[in-house]
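Please read the structure below before turning to the comments.
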Amino acid sequence: MNPNPLKRVLVVDDEPMIVSLLSTILREKGWDVTGAHSGTEGIDQLDRARFDVILTDLIMPGDTGIDLLRAAKEIHPDVEVILMTGYATADTAIEAMRTGAFHYIMKPLKPEEVVHLLEKAYSQRQLQLENRFLKSEIHAAHHVQSVVGDSEPILRLIAALQGIAAAGGPVLLSGEQGTGRGFFARIVHFHSPRSGELCVPVYCAGIPEKTLIAELFGTPCAIEDRTSVPLSGKMVLANHGTLYLSEFAEAGRKVLERIDRFLADKTMVPDGGTEPVSLDVRIIASSAVPVEELARRRDVPPTLLKALEPRILRIPALREHREDVPLLLHHFLQEANRERKKPLRGFTSSALSALETYDWPGNVRELRDLVRAIAGKKKQGTMIDATDTPPEILYRNLRRRPPQ
């Protein structure tokens, strides 16, 4: 994002003196000003240039300020519009706000008030643009193209992720600690029709059951017709989006029974409430416990596993696709170089040999953490060598070698 962008404003009024006066004031404040003397002329300007803010009179012959506002929101939805009027009523204010106006200002105009309101409108637009940029960055970070690896297990995984994302329904991601289950859960979310809504994570292990029930399902709040709605809760926050339950099997029997009931009828009851609340939430659960063991556990309802069964996806351990280790090493080294701003040149052949043959019991997370730790200690411009790796990696590799 440009730290000092040019601020563009379109000033529209059927009184040329007002357009001239406002143009002079705003140019002195650093604005790039375009003037127009009717609503129709202002609408024509929208096809010729993009503006950050439009400052327009409300009542004009022909196309009014409301007409210009509607046209602006259709052509450039992110532009902010301020209406000037000497005849403001409650009805005009309501109509302006419903149509998308940022604000309206009364005539006679006070220059400092106009400048202040324009700056606020501009800041609001910049914030929206930055949020959109960040959202696109998040989407890009969780696109299947961001998955590092070209081995057969990873290519099969990518294909399965895309199919599951489009299919809808609850998902169970099974895999060892460190395989990236949370990362892949977000890929499923961002490739699904729900990608415009939230993906809300909840870590279930080690949380007291009562606390987790309140966190997930909220507490009831009575409203006028005496029904109950949840006052808070991650389920409500995830409505129309995705709820990611990390280590879901550790949540406790009561929590899992509530999740099971929700999957059956798409309703849930707030903690301490009595009235069911309808929600549209996709559940993605993950577990480091193998599915076969989950089926033997008494605290996991069999009907819940049956609901998850059509979309169970196992994330392979890193030792099952060792051929991806060099790609992962270089990927995480690039990340570390960007973060620490003291780039390293890469890995020596002896380092790659040692790291490629290691079993990686902590999987991709262990590999990432190791690269970051080593990169933090090395001097800029050097290479990571086998001697930089922890002794246990070299020791395990030595034990694995057959005797000469």
Exercise. Out of all the residues in region 173-194, which are aromatic (Phe, Trp, Tyr) and in contact (Cβ under 8 Å) with a residue 60 or more places away in the chain?
Worked result: Phe184
Seminar exercise, completed: Counting only residues that are surrounded by 20 or more Cβ atoms within 10 Å (Cβ to Cβ) and assigned to a loop (DSSP other than H, G, I, E, B), region 149-174 contains a total of 2
For this session: For residues that are hydroxyl-bearing (Ser, Thr, Tyr) and more than 15 Å from Val236 (Cβ to Cβ), tally how many sit in region 259-278.
Result: 1
Exercise. Inside region 249-259, can you point out the residues that are more than 14 Å from Pro276 (Cβ to Cβ) and open to solvent by 30 Å² or more (accessible area, probe 1.4 Å)?
Worked result: Glu250, Arg253, Lys254, Glu257
Seminar exercise, completed: Selection over region 274-321 where residues are more than 24 Å from the chain's Cα centre (by Cα), within 22 Å of His240 (Cα to Cα) and of a type outside the set (A, V, I, L, M, F, W, C) yields a count of 4
Exercise. Counting only residues that are over 25 Å from Lys342 (Cβ atoms) and of a type in the set (Lys, Arg), which one in region 358-404 is modelled with the highest pLDDT?
Worked result: Arg396
Problem set entry | First in region 231-247 and farther than 24 Å from Ser174 by Cα, second anywhere and of a type in the set (Gly, Ala, Ser) and at pLDDT below 90, Cβ under 6 Å, 6 or more apart | Leu231/Gly218; Ser232/Gly218; Gly233/Gly218; Val236/Gly218
For this session: May I ask you to verify whether Gly362 is surrounded by fewer than 18 Cβ atoms within 10 Å (Cβ to Cβ), more than 26 Å from Ala160 (Cβ to Cβ) and of a type in the set (Gly, Ala, Ser)?
Result: no
Exercise. Leu117 versus (1) at pLDDT below 90; (2) closer than 19 Å to Val33 by Cβ; (3) open to solvent by less than 30 Å² (accessible area, probe 1.4 Å): which is the lone unmet condition?
Worked result: (1)
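The values are calculated or read from the model by the stated rules, or taken from the named source; none is laboratory data. Just so we're clear, the structure is a prediction, and the values are computed from it rather than from any experiment. Ideal geometry is used to build each Cβ from the backbone, glycine not excepted, and the neighbour counts take in all protein chains shown. When the accessible area is computed, the model is the full protein with side chains, heavy atoms only, and any ligands, DNA or RNA have been set aside. Shrake-Rupley method; radii C 1.70, N 1.55, O 1.52, S 1.80 Å.
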